[in-house]
1. For the chain, which whole-number percentage of the solvent-accessible area (1.4 Å probe, protein heavy atoms only) is attributable to carbon and sulfur atoms?
2. Note the per residue figure in Å³ for the convex hull of the C-alpha positions in the range 194-296.
3. Residue separation times 0.36 nm, minus the C-alpha to C-alpha distance between residue 200 and residue 389: what's the value?
4. Please find the FRET efficiency linking residue 276 to residue 399, where r is the Cβ-Cβ separation and R0 is fixed at 35 Å, and quote it to the nearest 0.05.
5. When the Debye formula is applied to the Cα atoms of the range 189-236, each taken as the same point scatterer, what base-10 log of I(q)/I(0) results at q = 0.14 Å⁻¹?
6. I need the P(r) histogram for the range 11-112: all alpha carbon pairs, bin width 10 Å from 0 out to the longest distance, whole percents.
7. Which is farthest toward the positive dipole end of the range 335-438 among 370, 416, 388, measuring Cα position about the Cα centre, with Cβ charges +1 (Lys, Arg) and -1 (Asp, Glu)?
8. What lysines could a cross-link reach from residue 88, if we take a straight Cα to Cα line under 23 Å and drop same-chain neighbours fewer than 8 places away?
Amino acid sequence: MAGTDFRPSPFLSGHHRPNRMEVDAPDLFVSGELPEDLAGVFYRNGAEPLYPPTAEDYHWFDGDGMVYAFFLEDGRVSMRNRWVRTDKFLLESKYRRRLFGVHGNPATTDPLAARTRYNTANTNIIIHGGKLLALMEGAPPVELDPRTLETIGEEHYGGVVTTTFSAHPKLDHANGELINIGSVARRGGTAPEIRYDILDFEGVPIKTETIPVPHQSMMHTFFVTENYVVFPVTPLDVSIRRAIAGGPMVAWDPDRPTKLGVMPRRGTAAQVRWFEAAPRQMMHEANVWEQDGRLIADVAAADGTALFPDTHGRKRSHCETRQSLRRWTIDPAATTDVVREQIINDRDIQFPRPDDRLMTRRTDHAFANSNLRSVDGRADGMDAVLRVDTRTGAEDLYHFGPGAAAGELIFAPRVGGAGELDGYALTLMHRAGAAETELVVFDAGDLAAGPLARVLIPFAIPSGFHCNYYSIDSPLYRQAMR
Ligand SMILES: [Fe+2]
């Protein structure tokens, strides 16, 4: 395959086109004034396949994890990016070609890879327990050096995590606990269940529980509040059996409702109570908390998905499946199992985020990348960023203009700052045809005023998945960088 280019997949061209290179840039140019009290590290993970896919359709979720790190201090920025050296990456590097089927489908994986785990480590990048961890939901975390991004290896937490881990574990800043799930399909998926874990501030497992679920769904996220955990089982069904029979491994089943399993945070499987909502695509929430005895979940939800076909083989467009910011209310004391849904703001959004320091506790603002395109929607990239006051639905919007593809917008606290909007909002943005990508810095409370500063990266960084920011005065930063 040497010298071949990527196939013309929508996830390998345009704003998704992979770089296939690793860079160290010691001092990037900055347009505007980078605030002195913005000091910390911004990490982003995403899918950039080392080798072109095989004959199957490529999928955005399938590429090798590439981590970008931006170190901000004294108004200056350095960056580096590195692929995560997973066992998959090392094996395919050795044979200099793609060996795994899409999503690790065993029916289309080369026998050379039969004994190697399909781990792309491409979805999220977090600090916990003093370690930088690259996450995907199908495999254990992979630890990287937080400064050099050199791969250290899979983290198995003393044998507790040997199969799956969430790409969206929840950190409780009050005590440093990381609450996690792993979707586990055993006995060919006939007894679907998930694993629920709590890790303490040092990353030591203090609780593991196996939870039976109604069916094996792609549980990309879950909810944690001060006292509860919620397991969302959406109609996005996962079936290895269907994949081996030649169908899609992940498919939208329009005949299933959304089920939300509510359990006390330190409870047991026997205490799970299932609530029911209309069929919804829901992979990301801004935040979830308890208020007046109820659970409030501010989520990005849609009536279907463009990411996967349905169980009848039909595919829907992004425009048909716009994701709006919605509030789900669950009352654990109610006599009925109904989830109340209300639309907070109806713009099409991709990744909603809170001030992470308040995750599991009440927040009044959600940050998100959004798009104002009326025709191709999310498929052409997100051309705007948005902050929504979730009490009123009022929005603070900045539109980058035609051709822009903006990544997840995240809150970055000011050094010494404490309030919910006391800091900045950061996103990576690339314009079609531009030589540069920008790390754009906004005042978190006034996106509409436009960027305070733009860090100029002299090449195109493809659209990726999730990013996180760790301020130099956060306990997590100090623990990892000691
Ligand atoms: Fe995600």
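The values are calculated or read from the model by the stated rules, or taken from the named source; none is laboratory data. Quantities reported herein were computed from a predicted structural model and do not represent experimental measurements. Here the Cβ positions follow ideal geometry from the backbone for every residue, glycine too, while neighbour counts run over all protein chains shown. What goes into the accessible areas is simple: the full protein's heavy atoms, side chains included, and nothing from ligands, DNA or RNA. Shrake-Rupley method; radii C 1.70, N 1.55, O 1.52, S 1.80 Å.
1. Working: 9190 of 18440 Å².
Carbon-and-sulfur percentage of accessible area, whole number: 50.
2. Values: hull volume 12.7 nm³, N = 103.
Cα-based convex hull of the range 194-296, divided per residue, equals 124 Å³.
3. Numbers: separation 189, 0.36 × 189 = 68.04 nm, distance 3.21 nm.
Here the answer is 64.8 nm.
4. Numbers: r = 38 Å, r/R0 = 1.07.
After rounding to 0.05, the efficiency reads 0.40.
5. Log10 I(q)/I(0), no solvent term: -0.41.
6. In order of increasing distance, the bins hold 14, 38, 25, 15, 7, 1 percent.
7. Of the candidates, 416 comes out farthest on the positive side.
8. Once the sequence-local lysines are set aside, what remains near residue 88 is 131.
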